[in-house]
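The values are calculated or read from the model by the stated rules, or taken from the named source; none is laboratory data. Everything quoted here is computed from the prediction, not taken from an experiment. Here the Cβ positions follow ideal geometry from the backbone for every residue, glycine too, while neighbour counts run over all protein chains shown.
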Amino acid sequence: MAEAQPHNCCRRCCCCLFGVIWKLIVAIIVLIVLVILIFYFIVQPRSFKFSVKEAKLTEFNYNNNTVRYNLVLNFTAHNPNKKLGIIYDKVEGHVSYEGTRFASTDVITHLNSVRQDTKKTNSMSGVFSGQSFVVFDSDQISDFERDKKYGVFHIDLKLYFRIRVKLGDVTGDDDTKGNIKCGLDVPFGSNNGTKVMNTFEPTTCDVKW
């Protein structure tokens, strides 16, 4: 019986050590959660708001599997945060018609990144101009002719962004990625002076992370 005591003592020590380590892990997790909750309570981070305020479509033709287009979109990005600034490092825009992408452009690049202070609204523009090889099926061609007749084209906009946040004088090093989606009803008006019979309605976009 006396020989079993060292073995039992060793087992008790291991159990005590395991208990201490487990309590330490739980305490660290609780501390991290508390820090995150306190940070969110103080900073109250909110997503930025993005809208398309103006859209001008002066060319949109489809012939021989080629789309010729000239579309200018003017955006506004609003930062609703009271303590967090936003740095837009990159915004890349893509436009589609009837589910088929026909143009892309860089709205913001690292060369012209935008710094947005708290509670501020900034303007941006995307110019989509040129021609693309696109194959529309019969339904898409029918919809194109219908929209051309009524003078309004439904164009889907998708923007991919990379931003950083700024708290006081501290700027985060890691980019946060996400995308923005908008369904736009864009009136058509040509460069030859044809009047636009419809007006574009400013559209609020969905921001997803």
Boolean, residue 128 is over 20 Å from residue 45 (Cβ atoms), touching a Phe, Trp or Tyr at 6+ places or on another chain (Cβ under 9 Å) and in a loop (DSSP other than H, G, I, E, B): no
Given the condition basic (Lys, Arg), touching a residue at least 12 places away in the same chain (Cβ under 8 Å) and under 21 Å from residue 51 (Cβ atoms), answer yes or no: does some residue in region 83-94 qualify? yes
So, in region 77-103, of the ones that are touching a helix residue (DSSP H, G or I) at 6+ places or on another chain (Cβ under 9 Å) and assigned to a strand (DSSP E or B), which residue ends up surrounded by the most Cβ atoms within 10 Å (Cβ to Cβ)? 97
Scan region 29-44 and give yes if some residue there is more than 25 Å from residue 163 (Cα to Cα) and surrounded by 12 or more Cβ atoms within 10 Å (Cβ to Cβ), otherwise no. no
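Residue-wise test of (1) in contact with a Pro (Cβ under 9 Å, 6 or more places away or on another chain); (2) modelled with pLDDT under 95; (3) not β-branched (Val, Ile, Thr).
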| site | (1), (2), (3) |
| --- | --- |
| 149 | no, yes, yes |
| 156 | no, no, yes |
| 163 | no, no, no |
| 190 | no, yes, yes |
Can we say residue 155 is under 30 Å from residue 42 (Cβ atoms) and of a type in the set (A, V, I, L, M, F, W, C)? no
Residues of region 46-76 classified as surrounded by fewer than 14 Cβ atoms within 10 Å (Cβ to Cβ) and either outside any strand (DSSP E or B) or outside the structural domain of residue 201 (by TED's automatic domain parsing) (or both), total: 4
For region 38-90, which residues satisfy the criterion of being of a type in the set (Lys, Arg), in contact with a Leu (Cβ under 8 Å, 6 or more places away or on another chain) and under 30 Å from residue 133 (Cβ atoms)? 56
Within region 20-40, restricting to residues that are modelled with pLDDT of 75 or more and not β-branched (Val, Ile, Thr), the one that is nearest to residue 152 (Cα to Cα) is 40
Criterion first (in contact with a strand residue (DSSP E or B) (Cβ under 6 Å, 6 or more places away or on another chain) and assigned to a strand (DSSP E or B)) does residue 144 satisfy it? no
